[in-house]
Amino acid sequence: MREISFRNDILPLKDKLFRLALRITLDRAEAEDVVQDTMIRVWNKRDEWSQLESVEAYCLIVAKNLAIDRAQRMETRNVELTPELEERPDADGPHDRLVSEERMSLINRLVNELPEKQRLIMQLRDIEGESYKKIAAVLNLTEEQVKVNLFRARQKVKQKYLEIDGYGL
């Protein structure tokens, strides 16, 4: 078993943890607090790192649980994830940028309307690029359940997007 270093193995996960926490809490300040609390908890468990199969999965689980606790406590679920919270895609001109921002805003709104489990799975798989196995471990599901939930989430977002885009609503 290799030696785990906080600086080299855990600290680089902070951006991924932040994006996960932001997707759950929908609040930048809360997400930052979740990441900080996660780092503190992981540091306090440093004696147990060698027993972990994946320190990254452990960090994601801790961040997910803390974010869910904060979201429930602060009732932040009514706030939408806005394009200002996301990275802006490159576009050629102002019109392209506006169209792109509107599409991202719509997609974020549709993803935020998904049930929590589907929203988390979509975040971890499509945005973070995590494996089905790691997502299953983080969310305490089977890989098949992850795949089914991801498929349903994608279909729901796609269907609603096409309806809105087709009707201009």
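Under 6 Å between Cβ atoms, at least 6 apart or on separate chains: pull out the pairs that start in the range 21-49 with a residue that is touching a residue at least 60 places away in the same chain (Cβ under 8 Å) and end on any residue that is in a loop (DSSP other than H, G, I, E, B). Between residues of the range 21-49 that are touching a residue at least 60 places away in the same chain (Cβ under 8 Å) and residues that are in a loop (DSSP other than H, G, I, E, B), the close pairs are 26/79; 26/81. Only residues that are open to solvent by 20 Å² or more (accessible area, probe 1.4 Å) and in contact (Cβ under 8 Å) with a residue 24 or more places away in the chain were counted in the range 155-164, giving 4.
For the range 3-61, a residue qualifies if it is over 16 Å from residue 120 (Cβ atoms), open to solvent by 30 Å² or more (accessible area, probe 1.4 Å), aliphatic (A, V, I, L, M) and under 17 Å from the mean Cα position of the chain (by Cα), and exactly one does: 29. Restricting attention to the range 113-152, and to residues there that are without any contact (Cβ under 8 Å) to a residue 40 or more places away in the chain and among the small types (Gly, Ala, Ser), which single residue is farthest from residue 100 (Cα to Cα)? My answer is 136. In the set 5, 54, only one residue is more than 17 Å from residue 134 (Cβ to Cβ) and of a type outside the set (Asp, Glu); that residue is 5.
Counting only residues that are in a helix (DSSP H, G or I) and at pLDDT 90 or above, which one in the range 137-149 is surrounded by the most Cβ atoms within 10 Å (Cβ to Cβ)?
For the range 137-149, the residue satisfying everything is 146.
Open to solvent by less than 50 Å² (accessible area, probe 1.4 Å), assigned to a helix (DSSP H, G or I) and modelled with pLDDT under 85, is that true of residue 71? Yes: the conditions hold for residue 71. Against the list (1) hydrophobic (A, V, I, L, M, F, W, C); (2) in contact with a Lys or Arg (Cβ under 7 Å, 6 or more places away or on another chain); (3) farther than 20 Å from residue 112 by Cβ, the condition residue 42 fails is (2). Scanning the range 25-50 for residues that are of a type in the set (A, V, I, L, M, F, W, C) and either part of a loop (DSSP other than H, G, I, E, B) or touching a Ser or Thr at 6+ places or on another chain (Cβ under 9 Å) (or both) yields 26, 31, 34.
Against the test of being part of a helix (DSSP H, G or I), open to solvent by 60 Å² or more (accessible area, probe 1.4 Å) and modelled with pLDDT of 85 or more, the options 119, 152 yield a single qualifying residue, 152.
The values are calculated or read from the model by the stated rules, or taken from the named source; none is laboratory data. Model, not experiment: these values are computed from the prediction. Here the Cβ is made from the backbone with ideal geometry for all residues, glycine too, and neighbour counts use every protein chain on show. Just the protein is used for accessible areas: all its heavy atoms, side chains included, with ligands, DNA and RNA removed. Shrake-Rupley method; radii C 1.70, N 1.55, O 1.52, S 1.80 Å.
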